[in-house]
Amino acid sequence: MKVFMGNLSGKINQISRFFLIFFFVIAFLSTVYQVFSRFILQSMMVKKALPMVDFSIFNLTWIEELIRYLFVWIVFLGIGIVYKSKGHAQVEILHHYLPEIFKNKLLAFIEIVNSFLFLFLIVYGWSILKFTSQQISPSLGINMTFIYGAVLICSLSCLIHSSVHLLGLVSIKNVIKEDVYEETNKNTNI
């Protein structure tokens, strides 16, 4: 189970990284094009040099909305990627001063709380998708389910990553118990 979940978590992380990079490249190129079409093609210098050409047709209004929605997806995909690598900001003072026995219990408790949060977001993310299924974006004309789906996808990936972290903590706990059992048997046999 741990190996399967670990592989699944790794695949989700790879796919998330691919789409995050892809969306970021599209957002970057769209932003550069938007700046070029507004400030270069619409400048007075270009209008004076080429008065017979109407460059306003190159100013695409839907690009701003596309960039906004791509950044929504970039943020939510990034949440899953950072959660897998444990890169989020965290308060570690309690963990730092606890005895070794309680450190893994605290980490397991935190992962359980996180898992419940992700389950909550999955349930309510699904209800948001039902609610927004009839909404269409103003400029792009796409269904808003594709945009709000980022919350659901992020929550699912984070739940899987959290499960892998929790399974890792449980297996560490079992290894520590086995080591303690072997130590006591060595001491008893001597």
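Mind ranking 31-41, 140-150 by how tightly packed they are, going by the mean number of other C-beta atoms within 10 angstrom, highest first? Each step should come with its number before you reach the end.
On the way: 31-41: 13.4, 140-150: 16.1.
Final packing ranking: 140-150, 31-41.
Using a basic spin-label model with each label point 7 Å from the Cα along Cα→Cβ, how many nm lie between R38 and E65?
1.7
Per-residue HN-Hα couplings for the range 5-15, Karplus 6.51 cos²θ - 1.76 cosθ + 1.60 at θ = phi - 60°, whole Hz, x for Gly and Pro?
5, x, 5, 4, 4, x, 5, 4, 5, 4, 5
If N is the number of residues in the chain, what value comes out of its Cα radius of gyration divided by 2.2 N^0.38 Å? List each step's numbers first, then the result.
Details: Rg = 25.1 Å, N = 190, 2.2 N^0.38 = 16.2 Å.
Expressed relative to 2.2 N^0.38 Å, the Cα Rg reads 1.55.
Along the Cα-to-C-beta direction of V170, a point sits 7 Å from the Cα; which residues of the range 85-112 have their amide N less than 17 Å from that point?
Flagged as within label range: 104-112.
In the structure shown, do any of K11/K86; K105/K130; K2/K105 have a Cα-Cα gap over 26 Å, and if so which?
Numbers: K11/K86 17 Å; K105/K130 38 Å; K2/K105 19 Å.
Among K11/K86; K105/K130; K2/K105, the Cα-Cα distance tops 26 Å for K105/K130.
Once every DSSP H run of n ≥ 4 in the chain is given -39500 (n - 2.57) and the sum is divided by its residues, what mean residue ellipticity at 222 nm do you get, rounded to the nearest 500 deg cm²/dmol?
Rounded to the nearest 500, the figure is -27000 deg cm²/dmol.
With θ set to phi - 60°, apply the Karplus curve 6.51 cos²θ - 1.76 cosθ + 1.60 along the range 66-81 and write out the HN-Hα couplings as whole Hz, x wherever there is a Gly or Pro.
4, 4, 4, 6, 5, 5, 4, 5, 4, 5, 6, 5, x, 4, x, 5
Would you mind getting the accessible area per residue of the range 7-165, heavy atoms of the protein chains only, 1.4 Å probe, in Å²? Intermediate values should be presented prior to the final figure.
Values: 10420 Å² over 159 residues.
Each residue of the range 7-165 exposes 66 Å² on average to a 1.4 Å probe.
Given a 1.4 Å probe and the protein chains all in place, what does the accessible area of L129 round to, in Å² to the nearest 10?
We get 20 Å² for L129.
How far, in degrees from 0 to 90, does helix 100-132 lean away from the longest principal axis of the Cα atoms of the chain, to the nearest 10?
It is inclined by approximately 40 degrees.
Just how much of K47 is accessible, in Å², when a 1.4 Å probe is used and the result is rounded to the nearest 10?
100
The values are calculated or read from the model by the stated rules, or taken from the named source; none is laboratory data. This structure is a prediction, so every number in the text was calculated from the model and none was measured. All Cβ positions, even for glycine, are placed from backbone atoms using ideal geometry, and neighbour counts span all protein chains on display. Protein only, heavy atoms only, side chains kept; ligands, DNA and RNA dropped before computing areas. Shrake-Rupley method; radii C 1.70, N 1.55, O 1.52, S 1.80 Å.
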